[in-house]
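Below is one structure, written out as structure tokens, with a few remarks after it.
The values are calculated or read from the model by the stated rules, or taken from the named source; none is laboratory data. Keep in mind that this is a model prediction, so the values were computed, not measured. Reconstructed Cβ throughout: ideal geometry from the backbone, glycine too, with neighbour counts over all protein chains shown. Ligands, DNA and RNA are stripped out before the accessible areas are found, and what is left, the full protein with its side chains, is counted by its heavy atoms. Shrake-Rupley method; radii C 1.70, N 1.55, O 1.52, S 1.80 Å.
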Amino acid sequence: MSRSSILPFTWVFLRLVILLNWLGGAAILALLIATVVFQQWSMKALGITQASGIPAMLPGLQAIAVLGLVAIPLNHAVLSRLLPMIETVRRGDPFVGANALRLRTIAWVLLALQLLSIAIGAIGRALSTPGHPLHLDAGFSISGWLAVLLTFILARVFAAGTLMREDLEGMI
């Protein structure tokens, strides 16, 4: 298999996204703690007034932050499984049982992330009012659900490819 110039870039990119995922989680956690422990100070520091409607929405926004924190290790589960898959592709041997298992795990995690997105979207819709609309990029996503289905299918393809490769090696 010829060397791909995109694989080293992808590996570096994934490492960067893993770092950004954890940094984003730390930021969410810090803001969540600030709004719980130092509520008055954080509202003042952010310039939030009673008239903004945000103080009334605060418990719901905190619930969304908690769900966002749940997403951080789930994102990590996906990203950390992609790194060894890149290595198997780089070696020219992607059809291994471990990759099929990784893809199946990724599919389950993507399913969990889709369910989290629906929960976050539902909370956002419950909080939003005509006077104080809340716009979140969350809820049902057809492309997200297609990614879940495709990942489950791809996991099965990798499992079948692994068996076919093992059968071929057994014949030689």
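If you take the residues in the stretch 63-97 that are of a type in the set (S, T, N, Q) and either open to solvent by 40 Å² or more (accessible area, probe 1.4 Å) or at pLDDT 95 or above (or both), which one is nearest to the chain's Cα centre (by Cα)? For the stretch 63-97, the residue satisfying everything is Asn75.
Filtering the stretch 98-140 to residues that are surrounded by 17 or more Cβ atoms within 10 Å (Cβ to Cβ) and among the small types (Gly, Ala, Ser) leaves Ala100, Ala107, Ser117, Gly121, Gly124, Ala138. Take the residues of the stretch 17-33 that are open to solvent by 90 Å² or more (accessible area, probe 1.4 Å) and of a type in the set (A, V, I, L, M): which is farthest from His76 (Cα to Cα)? Result: Leu31.
There is at least one residue in the stretch 85-95 that is over 27 Å from His135 (Cβ atoms), touching a residue at least 24 places away in the same chain (Cβ under 8 Å), not aromatic (Phe, Trp, Tyr) and not in a helix (DSSP H, G or I). Candidates Ala126, Ala71, Ala98, Ala122: the one that is over 30 Å from Ser52 (Cβ atoms), touching a residue at least 12 places away in the same chain (Cβ under 8 Å) and part of a helix (DSSP H, G or I) is Ala98.
Okay, residues lined up against (1) closer than 19 Å to Phe152 by Cα; (2) small (Gly, Ala, Ser):
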position: Ala71; (1), (2): no, yes
position: Arg81; (1), (2): yes, no
position: Leu113; (1), (2): yes, no
position: Gly121; (1), (2): no, yes
position: Gly124; (1), (2): no, yes
position: His132; (1), (2): no, no
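When you scan the stretch 130-137, do you find a residue that is modelled with pLDDT under 95 and within 29 Å of Phe9 (Cα to Cα), even just one? Checked the stretch 130-137: at least one residue is modelled with pLDDT under 95 and within 29 Å of Phe9 (Cα to Cα). Inspect all residues belonging to the stretch 142-151 and state whether any of them is aromatic (Phe, Trp, Tyr), open to solvent by less than 80 Å² (accessible area, probe 1.4 Å), in a helix (DSSP H, G or I) and more than 30 Å from Gly92 (Cβ to Cβ). The answer is yes, given that some residue of the stretch 142-151 is aromatic (Phe, Trp, Tyr), open to solvent by less than 80 Å² (accessible area, probe 1.4 Å), in a helix (DSSP H, G or I) and more than 30 Å from Gly92 (Cβ to Cβ).
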